[in-house]
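The values are calculated or read from the model by the stated rules, or taken from the named source; none is laboratory data. Computed from a predicted structure; not experimentally measured. As a convention, Cβ positions derive from the backbone with ideal geometry for all residues, glycine included, and neighbour counts pool all protein chains shown.
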Amino acid sequence: MLIKSLRAALCAAGAVAATLLPLQSSHAQTEPIRIGFLTVRTGALAAGGKQMEEGIQLFLKERNNMIAGRKVELIIADTGGNPAGAKTKTQELVERNKVHVIIGPLAAFEALAIDDYIRQTKTPIVAPSAAAEDLTQRKPNPWFVRTSTSSAQPNQPLGEYAAKTLGYKRVAIIADDFAYGHETASGFQRVFEDNGGKVVQKLWPPLNVADYGSYVGQLKGNVDAIYAGFAGANGLRFLKQLREYGNKLPVLGSATTTDEGILKQMGDEALGVISGSWYSAAIDTPESKRFVAAANKEFGADPGYYTLGAYSSGVLVEQAAKAVNGKVEDKEAFMKALRNPGTVKDARGEWKVDEYGNPVQNIYIRKVERKGGKLVNTVVKTYPNVSQFWTYEPKAFLAAPVYSRDVPPSKNIEP
Amino acid sequence: MNRRALAVCAGLLVAMPFVAGEYYINLASQILIAALFALSLNLLVGYGGLTSLGHAAYMGVAAYVSGWLFLKFGFGHLASAPLALLVTTLMAAVFGLIALRASGIGFLMITLALGQVLWGLAFRWVTVTNGDNGLSGLTRPMPFGIDLNGANAFYFFTLIIFAASMVCIVAFANSAFGSVLRGTRDQPRRMLALGHNVWLVRYLTFISAGFWAAVSGLLFVYYHKFIHPQALGLTNSAETLLMVIAGGSGTLIGPIVGAAIVVLLKNYVSAFVERWTMLLGFVFLFIVLFMPDGVVPGVQRLWARLTGKGRAPQRGQP
């Protein structure tokens, strides 16, 4: 019996060997540059994932699928918008597809879930959207570089704009109750209050709240404006209900509250909303106009946060690949080029990468207007070369805890 | 299950790392972790007839406790792992008191509610759980100084824990207690009349299901070195219930097969099929239509019919 069992075990082992060995055969030498692309095609984040895919597809189409003299093989993986999926898909891209660089993932928690793994495997990651502050601040990863923005980066200038240019004294904050909502709102609050403003109320509706009615009812009437920090479709729902309840106060917002990705679904309720962002489809430069026209031709919609984030990731990868003469196999040199690309040019203008891996870029204060029958984010002011630390000293900034629901402390809350 | 089949399986599992690439080994580790989790749920669903939709809570809490103790107090794994198991088992003991006031749909709804409460807590109690950003910067244990960061080492670690747990679960299912438990599932009133304390039998099962879920939760957090509220979510609970039902609830091999099907569809097939969620749906539809009691009993019945020997296994037999 025992011998029979042993023989069976050995046969089984042999069978596994026979089926799996061919999969490990090595690739030929003249290879394309393999880019892994982590997106989300299923679940709540799929809308952003689709725009990300459009961004990278547009880039590769414009380059005829060639960068730095080598063909590009794009391998798209759907994480399902959850951390475990992000990790498994990253492993698949690295271990099975042997990619040279990964563009993605979409959500901050996905980026955090794979943080340790990319350090271990030394895989260059170019993040087109994940905005969590600490990814490029208190937990910087040498293999990580971002092409969009940190959460608070565009909201800090918005705080100054609200206090100095608009002259607001009192603001009520309402934002999604998760890390991105906390970080955007806190960046705004800190700079607004440092410039003499007062945040007198803070409301945190849960991400999946069915109805904003009870929150709109709680909002104070004796404020100069409302700051709305929303992501996904929540901005759309909140603004609609705010106006339906007859609240006519001015609204400030984070980049994603009136992002082009959802602006097309909004109506008059969005008019006049002032937001801070690193991009607007209405930027009046030839490169931006060309990009917007190309996106409209391909997908029939204005490009937004996710579209440009992914497109810019392509631009950065190309620039770095050129800098190492197409030798992306040399990971250390390639990553160095990704982290120190010099000046990068895309539809948002020119930008650089700081020593933590985050862009230093123009921040646009935008106002929603109706032009030619559609809503656009008209640029009303540009803050040039804004860093993720705003005007604060990076060391002091990093010594303080990361922005959250209670950081910075709210001293001006009125009961 | 006969000895030769067992030997084949053991041979396959042990030989795996010597022939397969890193990616496949990691996939196998994930299947083992999911399988252990499904086995723990199977104690309730398959043997106790108590369908729970909040089982992910135990997996998640064990993972969070272990991660939190490490990050906050710098606990080593030797201290944090037993503490995490203890806390989670105690929590199961408390939740059992609440949930077992009902059975059937009532039990399902209470476990769902308790699970969602913990999910909400993980998401919004930011000072402890770090909210949506999750707990990162965790490590894997180093038993006897062996570094588990490699795919192979971790796979064997998981395999050993899995095998040990499996032995315990098999012993549990085949014990006199296991028979009584099946009795409370099929004929609770008759068992009561025979003098068995049905409530206590269910309660003890509930607690041990929580304990084994905690073990898989530790493996889960060691594997990912990251924990996020989604691990406690309804999706995770429901997916595991699907594993149990698809594989064959009330069998010992069923949940393992179910876990393999779901993990492979989710992680492997999705690389080739864009609409893999649809495929997942079709697979489950197929199972429900043609093998309503799960893949393992279904295949066994088919085998018996083809070879013309043996009788079709009854529900509840290992």
Please determine, by comparing only the residues of segment B:273-318 that are under 30 Å from A:VAL94 (Cβ atoms) and crowded, with 16+ Cβ neighbours inside 10 Å, which one is modelled with the highest pLDDT. B:VAL283
May I ask you to say which residue of A:GLY181, A:GLY187, A:GLY197, A:GLY159 is closer than 21 Å to B:VAL128 by Cβ and either within 14 Å of chain B (Cβ to nearest Cβ) or buried (at least 19 other Cβ atoms within 10 Å of the Cβ) (or both)? A:GLY181
Looking at B:ALA62, B:ALA10, which is the one that is within 14 Å of chain A (Cβ to nearest Cβ) and within 20 Å of B:THR158 (Cβ to Cβ)? B:ALA10
Within segment B:13-39, restricting to residues that are in contact with an Asp or Glu (Cβ under 9 Å, 6 or more places away or on another chain) and facing chain A (nearest Cβ under 8 Å), the one that is nearest to A:GLN91 (Cα to Cα) is B:TYR23
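Please work out if A:VAL317 is outside any loop (DSSP other than H, G, I, E, B), of a type outside the set (Phe, Trp, Tyr) and within 24 Å of A:PRO32 (Cβ to Cβ).
Taking the combined requirement at face value, the residue satisfies it.
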I'd like the residue in segment B:104-132 that is away from every other protein chain (no Cβ under 14 Å), of a type in the set (Gly, Ala, Ser) and assigned to a helix (DSSP H, G or I) and, out of all such residues, is nearest to B:TYR58 (Cα to Cα). B:GLY115
Pick out the one residue from B:ALA122, B:ALA173, B:ALA151 that is surrounded by 17 or more Cβ atoms within 10 Å (Cβ to Cβ) and in contact with an Asp or Glu (Cβ under 6 Å, 6 or more places away or on another chain). B:ALA151
What are the residues in segment B:17-57 that are modelled with pLDDT under 85 and buried (at least 22 other Cβ atoms within 10 Å of the Cβ), if any? B:ALA20
Provide a single number: the residues in segment A:398-415 that are outside any loop (DSSP other than H, G, I, E, B) and either surrounded by fewer than 13 Cβ atoms within 10 Å (Cβ to Cβ) or without any contact (Cβ under 8 Å) to a residue 24 or more places away in the chain (or both). 1
Quick check on my filter: what residues within segment B:138-184 are aromatic (Phe, Trp, Tyr), within 14 Å of another protein chain (Cβ to nearest Cβ) and out of contact with any Leu (no Cβ under 7 Å at 6 or more places or on another chain)? B:TYR155
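Condition check ((1) part of a helix (DSSP H, G or I); (2) at the interface with another protein chain (Cβ under 7 Å from one of its Cβ atoms)) across all residues:
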| site | (1), (2) |
| --- | --- |
| A:LEU74 | no, no |
| A:ALA84 | yes, yes |
| A:LYS89 | yes, no |
| A:GLU95 | yes, yes |
| A:GLU110 | yes, no |
| A:ALA113 | yes, yes |
| A:TYR117 | yes, no |
| A:GLN120 | yes, yes |
Within segment A:349-357, can one find any residue that is in contact with a Lys or Arg (Cβ under 9 Å, 6 or more places away or on another chain), among the aliphatic types (A, V, I, L, M), part of a strand (DSSP E or B) and more than 23 Å from A:THR257 (Cβ to Cβ)? yes
All but one of (1) crowded, with 20+ Cβ neighbours inside 10 Å; (2) within 14 Å of another protein chain (Cβ to nearest Cβ); (3) modelled with pLDDT of 90 or more hold for B:SER270, so report the exception by its number. (3)
Pair list, Cβ < 9 Å and 6+ apart or interchain, from segment B:70-85 residues that are under 20 Å from B:PHE211 (Cα atoms) to residues that are hydroxyl-bearing (Ser, Thr, Tyr) and surrounded by fewer than 17 Cβ atoms within 10 Å (Cβ to Cβ): B:HIS77/B:THR139
For A:PRO384: the one exception among (1) crowded, with 18+ Cβ neighbours inside 10 Å; (2) at pLDDT 95 or above; (3) not aliphatic (A, V, I, L, M): (1)
Counted residues in segment A:222-265 being surrounded by fewer than 24 Cβ atoms within 10 Å (Cβ to Cβ), assigned to a loop (DSSP other than H, G, I, E, B) and touching a residue at least 12 places away in the same chain (Cβ under 8 Å) come to 11
Just the residues that are outside any loop (DSSP other than H, G, I, E, B), buried (at least 21 other Cβ atoms within 10 Å of the Cβ) and within 24 Å of the chain's Cα centre (by Cα), please, taken from segment B:133-148. B:LEU135
Complete set of residues in segment A:280-301 that are part of a helix (DSSP H, G or I) and surrounded by fewer than 18 Cβ atoms within 10 Å (Cβ to Cβ): A:PRO286, A:GLU287, A:LYS289, A:ARG290, A:ALA293, A:ALA294, A:ASN296, A:LYS297, A:GLU298, A:PHE299
Right, B:LEU242: more than 11 Å from B:GLY60 (Cα to Cα), away from every other protein chain (no Cβ under 14 Å) and touching a Pro at 6+ places or on another chain (Cβ under 6 Å) or not? no
